[in-house]
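Here the structure is laid out as structure tokens; the discussion comes afterwards.
The values are calculated or read from the model by the stated rules, or taken from the named source; none is laboratory data. The structure presented is a predicted model; accordingly, all values stated were derived computationally and were not measured. When we count neighbours, we look across all protein chains shown, and the Cβ atoms used for this are built from the backbone with ideal geometry, even at glycine.
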Amino acid sequence: MTIRVAVVGSGPAGSSAAETLAKAGIETYLFERKLDNAKPCGGAIPLCMVGEFDLPPHIIDRQVRKMKMISPSNVEVDININKQEEYIGMCRREVLDGFLRDRAASLGANLINGTVYKLDIPTNNTDPYTIHYADHSDGSAEGTMKTLKADVVIGADGANSRIAKAIDAGDYNYAIAFQERIRLPEDKMAYYEDLAEMYVGNDVSTDFYAWVFPKYDHVAVGTGTMKVNKADIKNLQAGIRKRAAKKLAGGEIIKVEAHPIPEHPRPRRVVGRVALVGDAAGTVTKSSGEGIYFAAKSARMCAEAIVEFSNGGTRIPTEADLKVYLKRWDKKYGLTYKVLDILQTVFYRSDATREAFVEMCADKDVQRMTFDSYLYKTVVPANPLIQMKITAKTIGSLLRGNALAP
């Protein structure tokens, strides 16, 4: 026998899980509601993802080596990557997601263009789960209702995960990412050739930052916020448009997008033989709001645990087996999440603390440490002297900005 695994959602998380399972010879079904879906997202990926997930050059629209951090009072700090082989990859989600999905299918995952509506949960540890879905392969929006039985289910269906609801995984707070894609005149686009901008300030985001990121032939201009009220989001987007107005002059909006982003992990990420990965599990980082790499990585680690504990698909794994994925995940990345959580709490509290944050970013040691931890996903233990210097600089910046006042 070989077990059957259903993966719901084919973003970077779902496709990475399906690829790992299919490569191991496990019978894999990958569900995707909209095959041309493009999630609103800054689209930045760290260098380590390009190598780890074997991404070809055409997936990367831009190799960004320059960043501008812009404070509430419009103080600009340039952060440049000097090593030619290092860069932050900028991609369009429809291109990245399509590539990963097609690769999983070419390796043997059964791709189903369908909307999953319901999951029937078995009363014992061996009977299969039943997935109720609408099959859209006939091209219709309503589709044909069908069912599929699976021994293990991976929920990779995002912040509004139906799989999470089915297993009562609990709720989490979420932020909203709102983004306009803007096509700029040639001279303006040339400015953003290999440059990304991050703006901080209460006028552009009360909780995170706003961005101007270059894409293939346009820029993505957006904001992330915990305020889910439409009027508030509109005001913050107007804020970033105003701050970047000169650089965006003559631009034409070609697409407007919005999407919820989880703020912390769900209370339960594995229940029975159902595991959540990516946004469904809540793997987005605080402070940076980064999600693509961690989504793909969490899914791959989950699939690897399934391959391992099912003996290559010959036995049904247990809840305890699937929970090993979580233990490994928390051990590997728990500290990264804690550090970024603290950074957000300390630096995004007020415009004074944001000024201090941008000032600190001017320090070359801070820049190197930030890039190392972003590009290679390690909380880099710098040498003790540099660590002390950074700590002193942080406190100094905060004191100058009156940012340590309660």
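Here are the numbers for this structure:
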{"read-out": "Pick from the range 175-188, criterion crowded, with 17+ Cβ neighbours inside 10 Å and out of contact with any helix residue (DSSP H, G or I) (no Cβ under 9 Å at 6 or more places or on another chain), ranking: nearest to Thr283 (Cα to Cα)", "value": "Ala175"}
{"read-out": "Wholly enclosed helices (runs of 4 or more DSSP H) of the range 260-369 bearing at least 1 residues in contact (Cβ under 8 Å) with a residue 40 or more places away in the chain and among the aromatic types (Phe, Trp, Tyr)", "value": "292-309, 319-347, 351-360"}
{"read-out": "Subset of the range 231-287 [in contact with a Cys (Cβ under 8 Å, 6 or more places away or on another chain) and of a type in the set (S, T, N, Q)]", "value": "none"}
{"read-out": "Sole exception among (1) outside any helix (DSSP H, G or I); (2) buried (at least 20 other Cβ atoms within 10 Å of the Cβ); (3) of a type in the set (Val, Ile, Thr) for Thr20, by number", "value": "(1)"}
{"read-out": "Checklist (1) over 25 Å from Cys361 (Cα atoms); (2) at pLDDT 90 or above; (3) buried (at least 21 other Cβ atoms within 10 Å of the Cβ) applied to Lys255, failing item", "value": "(3)"}
{"read-out": "Enumeration of residues in the range 329-340 that are loosely packed, with under 15 Cβ neighbours inside 10 Å and not aliphatic (A, V, I, L, M)", "value": "Asp330, Lys331, Lys332, Gly334, Lys338"}
{"read-out": "Qualifying residue in the range 196-216 (condition: in the same structural domain as Asn82 (by TED's automatic domain parsing), farther than 24 Å from Val75 by Cα and outside any strand (DSSP E or B))", "value": "yes"}
{"read-out": "Boolean, Asp97 is exposed (fewer than 15 other Cβ atoms within 10 Å of the Cβ) and closer than 30 Å to Tyr374 by Cα", "value": "no"}
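For every residue, the table says whether it meets (1) surrounded by 12 or more Cβ atoms within 10 Å (Cβ to Cβ); (2) part of a strand (DSSP E or B); (3) under 16 Å from the mean Cα position of the chain (by Cα); (4) in contact (Cβ under 8 Å) with a residue 12 or more places away in the chain.
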{"residue": "Gly42", "(1), (2), (3), (4)": "yes, no, yes, yes"}
{"residue": "Cys48", "(1), (2), (3), (4)": "yes, no, yes, yes"}
{"residue": "Asp54", "(1), (2), (3), (4)": "no, no, no, no"}
{"residue": "Gln63", "(1), (2), (3), (4)": "yes, yes, no, yes"}
{"residue": "Lys68", "(1), (2), (3), (4)": "yes, yes, no, yes"}
{"residue": "Ser73", "(1), (2), (3), (4)": "no, no, no, yes"}
